[in-house]
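Following: one structure in structure tokens, then a few remarks.
The values are calculated or read from the model by the stated rules, or taken from the named source; none is laboratory data. It should be emphasised that the depicted structure is a prediction, and the values quoted were computed from it without experimental measurement. Reconstructed Cβ throughout: ideal geometry from the backbone, glycine too, with neighbour counts over all protein chains shown. Calculation scope for accessible area: heavy atoms of the full protein, side chains included, ligands and nucleic acids excluded. Shrake-Rupley method; radii C 1.70, N 1.55, O 1.52, S 1.80 Å.
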Amino acid sequence: LLGKAANAGQTTSYQGVEVLSQSSVDGTVTMTSHVWHRGGGLTVTQTSNDTGRSAPQTAVSYDPNNRSPEGVFGLTRTLVALLHKHYVAAYLGTGSALGRPAVVVAVYRFDGSLAARYWLDKQTLVPLRRELFDTSDRLVSKEQFVRVRFGRLTREPGTAATARAGAVPSWATARSPYRLVATLAGMGLRVPGTLPGGLPLQAAQST
């Protein structure tokens, strides 16, 4: 199911509004993103935080070669392969998200603790909601659609046309992800040296 969801998130056209709530040492941070995705590659997001102190940030991703497609809530084919190696996934049955019928999949660590839950749209299998938990079963991140539309897109953001015209910088895959991260850290950029849950860094790109 997660593998099919990763494929659906790439091939299905959709647009909607996502809300991410994430716990931090300073409390809970909430971000709202307007997302536009054309099946096959182009994704445009405009994100703003809950403080309203900064202008919304627009990001454009374009993957013409389908080598590193983005996934809804980060659910990509690469992530599914890593989950298969480091976690145990279980089908929990049916439920609902955003008023739409959904199938629910849980991801457990090998010690039996809950790591994540996904709600997949029953019709398209595109993820509608994701929850992440720490090793103490504490909810640390919740990301969900609060509005979504699948299929034919009603409008196209101005940045999308620019992306199709080839104005989006190309991403270069690092031969040594560790070396790239170390170089960035040496430049004074705050880049995490390790990934949550002890996962190894598999790939890195720069532009």
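Under a 5 Å amide H cut-off, with hydrogens placed 1.01 Å from N, VAL148 pairs with VAL17 among residues at least 5 apart or on other chains. For ALA116, the residues whose modelled amide H falls within less than 5 Å of its own, excluding neighbours fewer than 5 places apart on the same chain, are VAL107, PHE133. With all protein chains in place and ligands, DNA and RNA left out, the 1.4 Å accessible area ranks TYR108, TYR178 as TYR178, TYR108, largest first. Taking all protein chains as shown and a probe of 1.4 angstrom, ASP26 keeps an accessible surface of around 140 Å².
Under a 5 Å amide H cut-off, with hydrogens placed 1.01 Å from N, TYR87 pairs with nothing among residues at least 5 apart or on other chains. Ignoring lysines fewer than eight residues from LYS4 along the same chain, the ones with Cα atoms less than 19 angstrom from its Cα are LYS85, LYS122.
A simple count of charges around ARG130, restricted to other residues whose Cβ falls under 12 Å of its Cβ and scoring Lys, Arg +1 and Asp, Glu -1, yields 0.
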